[in-house]
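**Student:** Below are the structure tokens for one structure; questions will follow.
The values are calculated or read from the model by the stated rules, or taken from the named source; none is laboratory data. Small disclaimer: the values here were computed from a predicted structure and weren't measured. Heads up, the Cβs are rebuilt from the backbone with ideal geometry, glycines too, and the neighbour counts pull from every protein chain shown. With ligands, DNA and RNA removed, areas are computed over all heavy atoms of the protein, side chains included. Shrake-Rupley method; radii C 1.70, N 1.55, O 1.52, S 1.80 Å.
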Amino acid sequence: MTRIAKRSITMSSRICDSIKSQIASGIYLPGANLPASRALAEELGVSRSTVTVAFEQLAAEGYIETSQGKRPWVRHGLQTSPPARKPQSKIAPELSDFAKRLQALAPPERLKGLKADFRAGDISGVDFPAATWRKVMTRALQITPRALKYDDPLGSLELRKALRAYMWRSRGIRCDEQQIVVVNGSQQGIDLCARVFLNTGESVVVEDPGYILARNGFEAIGATILPLPVDQDGMQTSLLKGIQAKLAYITPSHQYPLGGILPIGRRQELLNWATQTGAYVVEDDYDGEFRYDTKPTETLHSLDTAGRVIYLGTMSKTLSPELRLGYLVVPHELTPVFAVAKRLTDRHSALLQQRALQLFIEGGGLERHIRRARRSNAQRRARLLAALDHAFGDMVEVVGDAAGLHVALWLREVDAAQEGEVVARAGQAGLGLYGITPFYSSHDHRKTNRDAGLVMGYAALSHREIALGVKLLQNVLDSDIK
């Protein structure tokens, strides 16, 4: 036997043993396909006949089955087990201060198999314009560049021009495309602002209660959180007097989570404070397009004459959170540093989705979709409010229902200390409920409101699910809450 033939047999044996090991450890489960012989041969740098011999041996021993024209597959009925976990090292890892802060910010476990889930932030897949989006994605794929390369970290110039026109029409924002930074959703926008402005120990003003992931993002950087109380009109800006901070984060068009809309007097007070102290204000307009009693409110950015406001918009509520597309509007002098920050984070957002969104906006698809979604969500909102009123009457207080995609619900006959029990019992009944307490920086709102509170998103639910969810909530509250 020649040396080449012996080497081929040896390689076949190695391939055979390797695949046996992968089957035994559960990497290839019963019924799973193995790679095609040609593909595996190219990957391993051997001849196709060498791989074929290995497959024939595995089939003879009963590990796999083969059929003409098909990829071989693992025989059904084989006993497999996942690979044993390696024993953990007894030496504690040396983590950075940033990583240590992250460890304290683990997300809550999301319940599965719920009959109705009032999770705020989710929106309905039924509303998504799938047919139109498929067309613009196809057109985006047909726009074949001469070379596949990294692009401007600020984002596609064509998309930024489309966003500029859209923001002017829909939100009254006047800027040029060089001020726009395309980001992977609002969370990346918040993270970039935190990295650009805040050093460890420096102060950021946030709403209390407020958006948890924004507060977490600032905490992860090591910033000092300065929570400002919120009332029915949003942040109490009169309390800014005497505060020195590098940054303020606010949701003025629909305060998250209580839903207040910041009146003009407070907006002017906030802008005057920023101008006098040199602070920047991050305006998160996460669902500003959804106003039901009148047209959407004027943005803080459109009132700013001193260049202190950074506007943050997102497609997560208007189109889909799965797209991971959002945008910042920053003052001209900050464009270079934001471009570098974005480049170091991920080079740029996905260009295919950017091209599709550009075509969607230019064709009028985004604004048509928002009008339809606004009508659909107005109907869901009306269904929820009617169901709550029918089930509870004046036993509950609904706030923040004039805009947005969620409401806050105060349970007048349930003490704040029982909020966690209500949420837990709801989960056991197949109902996704979310208490208001975690939204407070102090995790204790009983100083201002002794009632238990819930944040209830409705944009992802059908009318039937809304009715069922309110009925389940009624059953939970009728039980003996102690």
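**Student:** Probe radius 1.4 Å, ligands and nucleic acids left out: which of 78, 357 has the largest accessible area, and how do the rest follow?
**Tutor:** Ranked list, largest accessible area first: 78, 357.
**Student:** Among the DSSP beta bridges whose two residues both lie in the chain, what percent are antiparallel, rounded to the nearest 5?
**Tutor:** 60
**Student:** Which is the longest run of the chain containing none of the chymotrypsin sites (Phe, Trp or Tyr not before Pro) found in DSSP loop states (not H, G, I, E, B) with at most 16 other C-beta atoms within 10 Å?
**Tutor:** Maximal segment without exposed cleavage sites: 293-482.
**Student:** Report the full-extension gain for the segment residue 38 to residue 350: residue separation times 0.36 nm, less the Cα-Cα distance, to one decimal in nm.
**Tutor:** 109.1 nm
**Student:** Right, here's the next one. Given the C-alpha centroids of segment 339-417 and segment 14-58, what is the distance between them in whole angstrom?
**Tutor:** Between the Cα centres of segment 339-417 and segment 14-58 lies a distance of 49 Å.
**Student:** Treating only the Cβ atoms of Lys and Arg (+1) and Asp and Glu (-1) as charged, compute the dipole magnitude of segment 162-208 about its Cα centre; round to the nearest 20 debye.
**Tutor:** With only Lys, Arg, Asp and Glu charged at Cβ, the dipole is about 340 debye.
**Student:** Using a Förster radius of 30 Å, what is the FRET efficiency between residue 379 and residue 112 based on their Cβ-Cβ separation? Nearest 0.05, please.
**Tutor:** The pair residue 379/residue 112 has a calculated efficiency of 0.65.
**Student:** Only residues of segment 328-366 count here: report those whose backbone N is under 16 Å from the spot 7 Å along Cα→Cβ of residue 165, or say none.
**Tutor:** 355-366
**Student:** Skip the ligands, DNA and RNA, and give the accessible area per residue of segment 235-296 with a 1.4 Å probe, whole Å².
**Tutor:** Value returned for segment 235-296: 37 Å² of accessible area per residue.
**Student:** Peptides 252-261, 234-243: what's the order by average Cβ count within 10 Å, highest mean first?
**Tutor:** Ranking, from highest mean packing down: 252-261, 234-243.
**Student:** For segment 58-217, what is the accessible area per residue in Å² when the probe is 1.4 Å?
**Tutor:** 64
**Student:** Say the dipole of the chain comes from +1 at the beta carbon of Lys and Arg and -1 at that of Asp and Glu; which of 300, 25, 369 then lies farthest toward its positive end?
**Tutor:** Going by the Cα projections, it comes out as 25.
**Student:** Another question, if that's okay. Provide the FRET efficiency to the nearest 0.05 for the residue 332-residue 148 pair, computing r from the beta carbons and using R0 = 35 Å.
**Tutor:** Efficiency for this residue pair is about 0.70.
**Student:** Of all the accessible heavy-atom surface of the chain, with the other protein chains kept in place and a 1.4 Å probe, what percent is carbon and sulfur?
**Tutor:** Carbon plus sulfur share of accessible area: 51 percent.
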